[in-house]
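Enquirer: Can you keep this structure in mind? I'll have questions shortly.
The values are calculated or read from the model by the stated rules, or taken from the named source; none is laboratory data. A quick note: this is a predicted structure, and the numbers were derived from the prediction, not measured. Methodologically, a virtual Cβ is constructed for each residue, glycine included, from the backbone with ideal geometry; neighbour enumeration extends over all protein chains shown. Keep in mind that these areas ignore ligands, DNA and RNA; they rest on the heavy atoms of the full protein, side chains included. Shrake-Rupley method; radii C 1.70, N 1.55, O 1.52, S 1.80 Å.
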Amino acid sequence: MRTLTRLLTISIFALTTVTAATAQTGFSGLKADAVAGVDDRAKMVQEIVDSLFSFSELGFQEFETQRYLTAILEANGFSVEAGVADIPSAWWATWGSGEPVIALGSDVDGIPRASQMPGVAYRQPMIEGAPGHGEGHNSGQAVNIVAALAVKDIMERENLPGTIVLWPGIAEELLGTKAWYARDGLFEDVNAVLFTHVSNNLSVSWGQARGTGLVSVEYMFDGIAAHGAGDPWDGRSALDAVELMNIAWNFRREHLHPLQRSHYVISNGGDQPNVVPSYASVWYFIREMTADNIRENFATLQQIAEGASMMTDTGMSRRIVGAAYPRHFNKPIALAMDQNIQQVGLPTWSEDDQRFAKALQSLMGNDEPQGLATDLSGIGEPLDNPVSGGSDDIGDVSWNVPTVTLRYPSNVRGLQGHHWSSAMAMATPIAHKGAVAGAKVIATTMLDLIQSDTLVDEAQSYFEDVQTAEETYVPFIGPDDPPAIEKNTDIMDEFRPQLEELYYDPSSYDTYLDQLGIDYPQLEPDTIQRIR
Ligand SMILES: [Zn+2]
């Protein structure tokens, strides 16, 4: 009975939204069909977004996510290869044949210690200390998969040639895989990559993106253990090497260009104070605006590590953990996508959505909360004065194949990045509506690439004659650097049993908020909702 009621509800819902969407957007022909095909799958968007949110997997450990998404793709006729580029949680799904080959990518990993109940406007971890989707990477595959299925229907019906590829950004928070995908030639036959990333508006950009590229590198020091009180003179402290390295880097910071960003954690500081640490390690992110500047700062860091090793009489080795080239996005594809963005527009937010967004903004200290965006932010163009900030290893993809990133409005502006507050909206109607809007833009842009006689060629000629005419891609990783696939194993081993108890069950609950018993938007704590 429950299932029947649910099916009826879904189909009525689908019918009404389709009518509304075709009335609202100015698309006609196949693009109108694609938009309708996305609206028909609004329920699927919600289920994917909510499921990935509940899995809460960290980088390189996205195995439940892999199992769940590849099952959906296989059921819809895609061929799936798991474990590509020697990364066990990675996968590569293809459907169709011939050109254009369009590859849709989006990240899937979460953030350590970001566990947070969705739909409530106060801090409440679902599991204390556990990972969570405090970046919103649970939403992008829903955008891509639903867009792909809507376009696949049309390609089958109209006998259109072309190949659709779907792939995940594994361990994006560690900048851990896309350079490895590129190294293994996964993008060699691809004509265009449409990448999607969660945001709080609907936009695309071309040229050099805001933000940096980076090398992520861990330095390991080997010393000699000794009794910390009995005969410390017989020991050589690996921790001393780590501390001296960090001190030297922090002095050097003053003489680096202001747009650089660099940060580290001591990944191993020894075991206990009365044993001279025979092993210690420190993990650095070295970020700069250009590939050359990243290489220069990395060489400086290497020298400092060698100096620390000499000063302490310890052995030193290093390992590349991640890499991200500064991003450069394709102009012709971005311009085509922007046309579609203007047609799709921002979602219609409900009063509850706006109340919830404002409550989150207030929670994060904003005295004049603005709520969710209601105006498009417009296309991003190259800046005269570049702006520093974060990195994304989609940069490596963007130097191998014409690439753009669609930013879609599944999260609330003004929250803290890489933080539990950025998880609060990520399994609510805000995330679902934002992903549906994103899927419409991806689907219609796929049709541009398939139907236009010139767009694929224009994209390729921008890539060859403009982007790579003066700058050559020289990857930061070498031919033998392995992906850091063991990262986060311990954390996921610790939390996975508790997380499993909270996995979203779409066969029993309409939404994840229903399963958790949350009356969205829940602005005040309520003991009934405290499930653990
Ligand atoms: Zn991200």
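Enquirer: Can you give the local net charge around V387? Use residues other than it whose beta-carbon is closer than 12 angstrom to its beta-carbon, Lys and Arg +1, Asp and Glu -1. Kindly include the intermediate steps, with their values, before the conclusion.
Expert: Working: positive: R210, R261; negative: D384.
In short, +1.
Enquirer: Sticking with this one: Under 12 Å from the Cβ of A427, count the other residues' Cβ atoms, weight Lys and Arg +1, Asp and Glu -1, and hand me the total.
Expert: Working: positive: none; negative: E47, D50, D514.
Within the 12 Å Cβ shell, the charges total -3.
Enquirer: Enter the Cα centre distance for the pair the range 209-257 and the range 397-443, rounded to the nearest angstrom.
Expert: Taking the Cα centre of each part, the range 209-257 and the range 397-443 sit 37 Å apart.
Enquirer: How large is the charge dipole for the range 158-218, taken about the Cα centre, if only the Cβ atoms of Lys, Arg (+1) and Asp, Glu (-1) carry charge, to the nearest 20 debye? Can you show the working numbers first?
Expert: Details: 3 positive and 7 negative charges, 45 e Å.
Computed charge dipole of the range 158-218: roughly 220 debye.
Enquirer: Give me the 1.4 Å probe accessible area per residue for the chain, excluding ligands and nucleic acids, in Å².
Expert: Working: 21710 Å² over 532 residues.
That works out to 41 Å² for each residue.
Enquirer: Which value in deg cm²/dmol, rounded to the nearest 500, describes the helix-derived mean residue ellipticity at 222 nm for the chain, given -39,500 (n - 2.57) per DSSP H run of n ≥ 4 and division by the residue count? Working shown, then result.
Expert: Details: 15 runs with 205 residues, N = 532.
Mean residue ellipticity, 222 nm, calculated: -12500 deg cm²/dmol.
Enquirer: I've got another one for you. Given the Cα-Cα distance of Y503 and S388 and 0.36 nm per residue of separation, how much length would full extension add, in nm?
Expert: Values: separation 115, 0.36 × 115 = 41.40 nm, distance 3.72 nm.
Residue separation times 0.36 nm, minus the Cα-Cα distance, leaves 37.7 nm.
Enquirer: I would also like to ask the following. How many angstrom lie between the Cα centre of the range 304-323 and the Cα centre of the range 56-108?
Expert: 37 Å
Enquirer: For the chain, what % of the accessible area comes from carbon and sulfur atoms, probe 1.4 Å?
Expert: Values: 10690 of 21710 Å².
Carbon-and-sulfur percentage of accessible area, whole number: 49.
Enquirer: For a paramagnetic label modelled at 7 Å from the Cα of E158 toward its Cβ, which residues of the range 443-470 fall within the zone defined by backbone nitrogen distances under 16 Å?
Expert: Under cut-off, by backbone N: 443-456.
Enquirer: Here's something else I'd like to know. Please give the contour-minus-distance gain from Q303 to S461: 0.36 nm per residue of separation, less the Cα-Cα distance, rounded to one decimal in nm. Intermediate results must be reported in sequence, preceding the final value.
Expert: Numbers: separation 158, 0.36 × 158 = 56.88 nm, distance 4.03 nm.
Once the chain is fully extended between Q303 and S461, it gains 52.9 nm.
Enquirer: Please compute the length gained on full extension between E351 and F251, using 0.36 nm multiplied by the number of residues separating them and subtracting their Cα-Cα distance.
Expert: On the way: separation 100, 0.36 × 100 = 36.00 nm, distance 5.12 nm.
Length gained, E351 through F251: 30.9 nm.
Enquirer: Another question about this same structure. Please report the equivalent ellipsoid semi-axes of the chain, computed as sqrt(5 x eigenvalue) of the Cα gyration tensor, largest first, in whole Å. Write out the running numbers ahead of the final one.
Expert: Details: eigenvalues 324, 164, 88 Å².
Largest first, the chain gives 40, 29, 21 Å.
Enquirer: Tally Lys/Arg at +1 and Asp/Glu at -1 over every other residue whose Cβ is under 10 Å from the Cβ of A225; what's the total? Don't skip to the end; give the middle numbers.
Expert: Numbers: positive: R236; negative: D234, D271.
Its environment carries a net charge of -1.
Enquirer: Which distance in nm do the two modelled labels at Y122 and E471 give, with both placed 7 Å along the Cα-to-Cβ direction?
Expert: For the pair Y122/E471, the computed spacing is 4.8 nm.
Enquirer: Under a cut-off of 21 Å between alpha-carbon atoms, report the lysines in cross-link reach of K358, not counting same-chain residues fewer than 8 places apart.
Expert: Here the lysines satisfying the reach criterion relative to K358 are K433.
Enquirer: Within the range 251-290, name every residue whose backbone N is under 15 Å away from a label modeled 7 Å from Cα of E296 along the Cβ vector.
Expert: Taking a point 7 Å out along Cα→Cβ of E296, the residues of the range 251-290 whose backbone N falls under 15 Å are 253-261, 287-290.
Enquirer: Residues of the range 117-157 with backbone nitrogen within less than 17 Å of a virtual label 7 Å along the Cα-to-Cβ line of L363, please, listed as ranges.
Expert: 117-137
Enquirer: Averaged across orientations, what area in nm² does the convex hull of the alpha carbons in the range 324-432 project? The partial results should precede the final answer.
Expert: On the way: hull surface 33.2 nm².
Averaging across all directions leaves 8.3 nm² for the Cα convex hull.
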